[in-house]
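Read through the structure below, which is laid out as structure tokens, and then see the notes.
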Amino acid sequence: MKTLLILGAGTGGTMVANKMAQELDSQEWKIIIVDRDEAHYYQPGLLFIPFGIYGPDDVVKPKRDFIPRNVELILSAIEVIEPEKNRVRLRRDNQVINYDYLVVATGSHIHPKETEGMLDGGGWRENIFDFYTPEGAAALSRFLKFWKGGRMVVNVTEMPIKCPVAPLEFLFLADWFFHERGIRDEVEIVFATPLDGAFTKPRAAGILGDMLEEKGIHLESLFNIGEVDTKKQVIRSWDEREVDYDLLVTIPTNMGAEVIVRSGMGDELNFIPIDKYTLQADAWENVWVIGDAGNAPTSKAGSVAHFMLDVIIENMLRHMEGLKPLPNFDGHANCFIESGFEKGILIDFNYEVEPLPGKYPLPGLGPFSLLKESPANHWGKMMFRWVYWNILLKGGEMPFESQMDMAGKWQ
Amino acid sequence: MSEDILDTVEFDDEGFMVDASAWTEGIGQAIAEALEVDLTDRHWLVINYARKEFEGNGEPPTLRRITTQTDVSMKEMYKLFPGGPAKIAANIAGLKKPTGCI
């Protein structure tokens, strides 16, 4: 009996478990998936919690509901991965699991401690919040409900971050939310980012930058935060620029899981170096990495994990047969960007092609406008939660291909 | 005199060297002078580290990588290369512009 071990039962790990349970012969293979907690969060939904659009209960379900019956789910933290010895040691009972193949899907997480004064300055969850954790999003929701207005600064600490469009969506939704509450005139909104514009890719950055301006959101670019000074209520950059805030919404440094550090498998941000086209770990041929646990230079987002899925499954199956993995992952990312007032934008891009305007042809549902606001894109985004729970996690057929298609895009 | 050296070197539109292997310390010195950076031992430590990294994996190191792999702190990096430390260090080291992020 051989063992396929999957670490992490989030978006990537759950999808791999479902697909591999269909692909592998259960007489020959045992599939085990390990995660430290029971709750599966629909992470794109966290964005809506601060504005009361979703409540905390709307974005969570038990992980167990999404793991197939012939896959063993173990709830435990992971002590260490020993890839040279093909084994993993768990916290629970010091259990050791020997594996033939390992899939790492341990994700990325926020680290507010990396910035001086953020966590230890006395302002955390008083007037400094994140929205990348269920607790942070809920705490910010309580704060915003009664806030009378002032200067709100949204700050990206450093790249890369999980879902690079989420900070923009937060800004657009905040503009809408304060309008609805009738206090938009009382609120100044500032976006401080280490990038030289609103987004990482030039054409999208131009269009999204114009939208910020139209909505009266001030862009503070090339801002690399060095510290939060909670006494003066300013964030200060390494080159001594100061931006003052009444409310600071931070996207802290994102890093891979602690177990990756303990296991000596990661780079300086705890991301595992992988081949960006095959998704195989650089250092161990039976270790494969899906989603934001790896260092592939693409967006760290669920849509990307989804587009990685078919490639990683095919490549592992090939490897099991002694064949070479195929360089088929093209960095494809696809995001609905919520832009407020029941509208949204859709962007579609990969390693080589930046987001372009045009139409995204989706059989039965589309077309959706690319890089342009439309109500259909908003409904696409809202509908996606259902798609996520009911189709995507279970490895079901989705109406789009892993590789990006140029059809409908204007070049 | 250093300007003469730069005439022999090919740069891209943003002023980064096209061929990293054509770099010499003299060229690095000349680029630094053009950028008004006075090179000290600490600068050279960063520049040499960046070149070593690039030889290893074909990418100039990120700011975080420099500050975790050498004893140069983030604050010092901004003092040594004001404006955009990782970018300016790569520039002087004759490397391509760091792609940074996605």
Backbone N under 11 Å from the residue A:276 label point (7 Å along Cα→Cβ), restricted to the range A:287-312: A:295-299
Helix A:11-23 vs. chain A, principal-axis angle (Cα, 0 to 90°, nearest 10): 30
Gaussian network model of chain A, springs between alpha carbon atoms under 10 Å - residue of A:130, A:175, A:25 with greatest fluctuation: A:25
Computed lengthening from residue A:362 to residue A:186, 0.36 nm per intervening residue step minus Cα-Cα distance: 59.2 nm
The range A:350-411 versus the range A:124-151: alpha-carbon centroid distance in Å: 31
Residues listed by number, the range B:54-83, amide nitrogen under 19 Å from residue A:120 label point at 7 Å toward C-beta: B:68, B:73-76
On Cα atoms only, tilt of A:375-387 relative to the major axis of chain A in degrees: 40
Label point distance in nm, residue A:372-residue A:323, each placed 7 Å from Cα along Cα→Cβ: 4.1
Sulfur and carbon atoms: percent of accessible area, the range A:123-274 [1.4 Å]: 47
Integer Hz, Karplus 6.51/-1.76/1.60 couplings in order for the range A:65-77, x for Gly and Pro: 4, 10, 9, x, 5, 8, 10, 7, 9, 10, 8, 6, 6
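In deg cm²/dmol and to the nearest 500, what is the mean residue ellipticity at 222 nm of chain B if only DSSP H runs of at least 4 residues count, each as -39500 (n - 2.57), divided by the residue total?
Details: 6 runs with 55 residues, N = 102.
Using -39500 (n - 2.57) per qualifying helix, the result is -15500 deg cm²/dmol.
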Amide H within-cut-off set for residue A:3, under 5 Å, with H built and near neighbours excluded: A:30, A:100, A:101
The range B:2-92, accessible surface, carbon-and-sulfur percent (1.4 angstrom probe): 47
Estimated [θ] at 222 nm from DSSP helical runs (n ≥ 4, -39500 (n - 2.57)) normalised by residues in chain A, nearest 500: -7000 deg cm²/dmol
Calculated from backbone phi, Karplus (6.51, -1.76, 1.60) coupling profile of the range B:10-16 in Hz, x at Gly/Pro: 9, 10, 7, 4, 9, x, 9
Protein accessible surface hidden between A and B, which excludes ligands and nucleic acids, total in Å², probe 1.4 Å: 1300
Listing of the range B:51-81 residues, each with accessible area lower by at least 50 Å² in the full protein assembly than in the chain alone (probe 1.4 Å): B:64, B:75, B:78
Protein-only accessible surface order, largest first, of A:247, A:75 at 1.4 Å: A:75, A:247
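Given a Förster distance of 35 Å, report the FRET efficiency between residue B:75 and residue A:77 from their Cβ-Cβ distance, rounded to the nearest 0.05.
Numbers: r = 35 Å, r/R0 = 0.99.
In this case the efficiency is close to 0.50.
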In nm, spacing of pseudo-spin labels at residue A:382 and residue A:241 (7 Å Cα→C-beta vector): 3.7
Amide H within-cut-off set for residue A:80, under 5 Å, with H built and near neighbours excluded: A:89
Loop GluC sites (Glu not before Pro), the range A:56-117, which have at most 13 other Cβ atoms in a 10 Å radius of their Cβ (DSSP): A:84
From phi via Karplus (6.51, -1.76, 1.60), per-residue ³J(HN,Hα) for the range A:267-275 in Hz, x at Gly/Pro: 8, 5, 10, 6, 8, 7, x, 10, 6
Solvent exposure of the protein assembly as shown as accessible area per residue, Å², 1.4 Å probe: 44
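The values are calculated or read from the model by the stated rules, or taken from the named source; none is laboratory data. No experiment lies behind these values; they were computed from the predicted model shown. Neighbour counts are summed over all protein chains in view; Cβ atoms, including those assigned to glycine, are modelled from backbone coordinates with ideal geometry. The area values use the complete protein model at the heavy-atom level, side chains included, leaving out ligands, DNA and RNA. Shrake-Rupley method; radii C 1.70, N 1.55, O 1.52, S 1.80 Å.
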